[in-house]
Each structure stands twice: as structure tokens, then as C-alpha cells.
């Protein structure tokens, strides 16, 4: 999982939102996802960049959609750590992700799994995001929430694998160039 | 789920590398550098490769086919992350991949004459499996074929905007123009501010000298200042002391012999006040 070392690496505002939403989706997929993130950071040696869970929470709060957002952006090394973290967690959760997006799984079973995921995702979004933002209010629409959940699952599935970080970085940089 | 087995090449100098996912399997056959036959050297020269997509399709190809897969499927997967409807691969090339329905259409063209292209429908899971297999080949240190992963960059803002429908693109400008028009229309309904014109100041001295000229002068002043002459000025002769001297309601200074500076100075500016006059202080 190699991302080209670029000291001028940056992501868009939409990328900050999407990165945090992907981590929220991981938490919705895995009930112990929050602890798994910290454990992964410890195992991968990312604590040199983000030393503890408080700092990790601060970095996640750079998402403008948060209830209490921080007006700062991520440094290049922090972006790389967060992206690698998402991709590593996607790799771990790939069997679950694949079941959610596969058309060979029986439809009733797939719908029940997706419904459970959507319920958890909506609850986490309600807890942590600013309800005054239009993007957050759209999560109350079941149609939009279902579509958003499917989009997040697809992104996580495509982020798995050795080339996942490069794809995810490119996706987070959408809209930076005019 | 991933099963990447570096080749077993004990008897023959040919090496094999297999990458397996749930819905996809890729098998590479090649030779090590200088025919050394050491498995640790990895594959330097590809002799053939095979791709199996579940139970539906199986194909074999050469190096250019593998390069075409890498250069089309991996960028397409990245575009799918952004929800882009673009396809990848050239029409003259061995394959193209593009969105179709809720899945993806993989069109494989063979170089054999009189053969029709193979049209496959993949779902998201199969596409993810295929991308992971190709990723594993490209990033595997044992595969030294010199196939570089394609460069990836964020979509331009223009591309993101073009994906939106015309109705959605025009929504904000039209809403802004309607808002401006609405505000302008409402501004016509707001009453204009009342202009308080000071009453003409009768000049006693000029009345004694030239009564006719003074009357003409007062009429001219009233006409020029207020536009309509005051009926009091025309019918009733001006009196030096007004009947109800109230300083709070009277906008013009009271003409009196004790204030010659007011009389001789320039005429006071018209007071513009949108509010009604204050009631008298008890």
C-alpha cells in the first residue's frame, strides 16, 4: 500500500467530508470499529503521526459536517495515515463489503444486511454530524440514506487491495483542479 | 480471501503465479531472468496468462492483453469511486469497460478472425475482485514485468459539474435572479420618504417697501421649494407671530425681530424624515 510521497498533498473539502464518512461507515459495519482503528494505527506504526485517540478524534473533526468541527485541514502525512487506515480496514472488512454489493447473494438477505447497515449509519450520523447542514439533513431521507450507504460501501470495496490507497487519494482530490 | 501463490517451478524453468479472489482468478506463467529458474527471482518474462471470471468466462492472452486490462480496469474502478459514467479502454484495443445498468459491461475482442467479441456483465463485487487481482499482480514484487500502475488524479471541477443535469446547473442562477426581481418588486411597494418643506419666511422689511414684489417673491419661493403654493400664504396675509407656536411641530424657525441672522441667512435645507412628527411634550 504505497502512496507517492508528495509534500504538497492535499484533499478537497469534499474529500475531508468523505474521509470521515468512510470511517463512520466502517464503524457502522463493525461494532468494534473505533477500537479497531486505534489498534490498526498502533500495529502499523501510525502513532508517530497521530499519537493518541484524542488527536485522532481531532483529525476526524476536520470534517466540516461535524457537530463541532475544527477549522483546520490535514497535513500530508496525516492524509496518508488516514487513507492507509481506511484501506486497511476495508481490506479487513472486504468479505462483508463484497456481500453487500454482490448480486449473487439472495436479494432478501442482501436487503436485510443493507438495512441494518443503513440504520447504524444513520444513527451515527445523527449523533456526530451537525443537523443544520443540508448534507446531514439529507440522511433523514430513507432514499438518499440508502443510496449514500451503497456509495460508501462501494468506495470501501474499491479501496481494498494494494492499489486502493492510490484510488482513494485520487477520489478525495476530486474537484481540486478547475 | 486473497490467495497469492508464487510459482512452483521445480522441474521446468517456467514460473507460475496465481492470484485468486472469490469471483476472479488470474494465473501468470513466465520465466525468471536469464533462465535461472530460481523462484525468488520472480517473473521477468511473461509467456502467457489466464483470467477466469467465476464460472462464466475464461480467457488466455499475452502481455499486451494484460497491459490492456491494467490500463482499462484500474482507472475505471477509480472513476467508479467518484460515480463517473465514463468508460475506459479503446475501441480498437482488446477490451473496453463501461457502465451498463447497475453493473458494468466488459467487452473483450479477440484477435482471431470471424470471432465475435465476448460481452460480459459484471456486478460491483466482481469488478472489485478483478481490480484486486490486477492490483496484486502490478504491486507484487515477484512480478517484474515492468507494468506500471496507471496514474490517477482527482476529477476536475468541470467534469464534476458536467455530470449534473442542466436543470440542476440552472437551479441556483435562476433562483438568484428570481430573488433579485422579487426584492426589486417589493421595493416599489415601500412608500417613499416624506419631504418636509419649511414654510416660507415672511420678510417684514421688504413688505413695507414693496408689498407687491414681496408677495411675488413669497409665491416664487413656495413654488420652487415645495412645488405647490400654500393656501395660507396666498389667502391670508402673513402675520409676524404664528397663532400656535410649537417648536416641536414647527419645522421652520419662527420669524422674530430677535433673530436677524436666521432671516438674513441662506434658506434652511429641506428636512427629509420618514417618520411622522413627534407629539408635543406635555
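Using Cα pairs closer than 8 Å and at least 6 residues apart in sequence, work out the relative contact order for chain A, in percent.
The value is 38 percent.
Please compute the modelled spin-label separation between residue B:183 and residue A:143, points set 7 Å along Cα→Cβ, answer in nm with one decimal.
3.3 nm
Quick one: if the Förster radius is 41 Å, what FRET efficiency do residue A:126 and residue B:194 give, using the C-beta to C-beta distance and rounding to 0.05?
For R0 = 41 Å, the calculated efficiency reads 0.15.
Shielding by partners for A:100-111, please: the mean number of other protein chain Cβ atoms within 10 Å of each residue's Cβ.
3
Does region A:13-172 classify as rounded, prolate or oblate by the C-alpha gyration tensor (a ≥ b ≥ c root eigenvalues; a/c under 1.5 gives rounded; else a/b over b/c gives prolate, otherwise oblate)?
Oblate, because a/c is 1.5 or more while a/b does not exceed b/c.
According to a simple spin-label model (label point 7 Å from Cα along Cα-to-Cβ), what is the distance in nm between residue A:75 and residue B:121?
Calculated label separation equals 5.1 nm.
With contacts defined as alpha carbon pairs under 8 Å and 6 or more residues apart, what's the relative contact order of region B:3-149 in percent?
20 percent
Give me the angle, in degrees from 0 to 90, between the Cα long axis of helix A:142-159 and the longest principal axis of the Cα atoms of chain A, rounded to the nearest 10.
50 degrees
How would you classify region B:3-149 from its alpha-carbon gyration tensor, with a ≥ b ≥ c the square roots of the eigenvalues: rounded for a/c under 1.5, else prolate if a/b is greater than b/c, otherwise oblate?
prolate
Sorting A:145, B:24, B:133 on the 10 Å Cβ count, fewest up front, what's the list?
Going from sparsest to densest Cβ surroundings: A:145, B:24, B:133.
Once both axes come from the Cα atoms, what is the angle between helix A:13-29 and the longest principal axis of chain A, in degrees from 0 to 90, rounded to 10?
Once rounded, one gets 50 degrees.
Starting with the highest mean, order A:34-46, A:102-114 by the number of other Cβ atoms within 10 Å, averaged over the residues of each peptide.
Put in order of decreasing packing, that is A:34-46, A:102-114.
Expressed as an acute angle from 0 to 90° and rounded to the nearest 10, what is the orientation of the C-alpha long axis of helix A:76-92 relative to the principal long axis of chain A?
30 degrees
Checking the a/c ratio against 1.5 first, then a/b against b/c, what shape does the Cα gyration tensor give for region B:108-165?
Here region B:108-165 falls in the oblate category.
Using a 10 Å cut-off on Cβ to Cβ distances, tally the other chain neighbours for every residue of B:71-79 and report the average as a whole number.
Partner-chain Cβ atoms within 10 Å, mean over residues of B:71-79: 3.
What whole number of Å gives the distance from the Cα centroid of region B:36-93 to the Cα centroid of region A:1-52?
A separation of 29 Å, based on Cα centres.
If you take each beta carbon of peptide B:130-140 and count the beta carbons of other chains within 10 angstrom, what is the mean?
Averaged over the peptide's residues, the number is 4.
Values in this text are rule-based calculations from the coordinates and carry no lab data. These figures come from a predicted structure and were not determined experimentally. Cβ sites come from the backbone with ideal geometry, for glycine too, and all protein chains shown count toward neighbours.
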